[in-house]
Amino acid sequence: MIELEHRLNEFTKMHDEFIRDWNEAMSSSDTSSVNRMTEDYYVAFFSSGNEKPVFFTKKEAIQGMDQSVRHFLGANKRFENRVIRLRNNENAVVFYEQLIVKDEEVLARLFTIENWRLFNEKWMIVREIEEPIN
């Protein structure tokens, strides 16, 4: 139990840094520090009105991330109502409401689920699910 608590604290600290890195990327447009995806990473994106998600590979997700950061340059990305759960010592799931805010105006709002795995003592995102909140 102590080992799991230690791993949770370690993961939470890493995810806090990930959030800081995202806000730096939003102001600099450099997304290299938030590219923590495994080679087989994918994201399932549910859009309004579609019952089935659209899937993006790592390469497609990185291109989309770069475009999004350039589009929202100067905005802040907020990770609200975050909940972190460890499945075991090597797998974590993070749930949160993602807001993109500029000048106090909410430009985008998404419900996000990230699945992380520990590879060679480094946490990497294996997959994500995102859905707009209207």
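The values are calculated or read from the model by the stated rules, or taken from the named source; none is laboratory data. Since this is a predicted model, take the numbers as computed values, not measurements. We place every Cβ from the backbone using ideal geometry, glycine too, and count neighbours over all the protein chains shown. Remember, those area values only see protein heavy atoms, side chains included, never the ligands or the DNA or RNA. Shrake-Rupley method; radii C 1.70, N 1.55, O 1.52, S 1.80 Å.
With a/c under 1.5 counting as rounded, go ahead and sort the range 63-111 into rounded, prolate or oblate using the C-alpha gyration tensor (a ≥ b ≥ c being the square roots of the eigenvalues; past the cut-off, prolate if a/b is larger than b/c, else oblate). Oblate, since a/c reaches 1.5 and b/c is not below a/b.
Taking a point 7 Å out from the Cα of Phe119 in the direction of its Cβ, the residues of the range 17-43 whose backbone N falls within less than 11 Å of it are 36-42. Alpha-carbon geometry of the chain: the Rg and the Dmax are 14.9, 45 Å, given in that order.
Pairs of Cα atoms nearer than 8 Å and 6+ residues apart set the relative contact order; for the chain it is 24 percent.
Inter-label distance, Ser33 to Asn89: 3.0 nm, where each label sits 7 Å from its Cα along the C-beta direction.
With protein chains left intact and a 1.4 Å probe, residues in the chain average 62 Å² of accessible area per residue. Taking the 0 to 90 degree range and rounding to the nearest ten, how far is the long axis of helix 58-71 tilted relative to the main principal axis of the chain, both from C-alpha atoms? In the chain, helix 58-71 runs at an angle near 50 degrees to the longest axis. Restricting the GluC sites (Glu not before Pro) of the range 1-64 to loop positions (DSSP other than H, G, I, E, B) with no more than 11 neighbouring Cβ atoms within 10 Å leaves Glu51. Counting Lys and Arg as +1 and Asp and Glu as -1 over every other residue whose Cβ lies under 12 Å from the Cβ of Glu80, the net charge comes to +3. Ligands, DNA and RNA left out, the 1.4 Å accessible surface of the range 61-134 is 43% carbon and sulfur atoms. Roughly what angle does helix 2-28 make with the longest principal axis of the chain, taking Cα atoms, 0 to 90 degrees, to the nearest 10? Taking Cα atoms only, the helix is inclined about 20 degrees. Note on Asn23 and Glu97: their simple-model spin labels are 1.8 nm apart, each label 7 Å out from Cα toward Cβ.
The calculated FRET efficiency for Glu105 paired with Asn9, based on their beta-carbon distance and R0 = 30 Å, is about 0.30. Estimate the FRET efficiency between Phe55 and Ile2 by the formula 1/(1 + (r/R0)^6), using the beta-carbon distance for r and 41 Å for R0, to the nearest 0.05. Taking R0 as 41 Å, the efficiency between Phe55 and Ile2 is 0.60.
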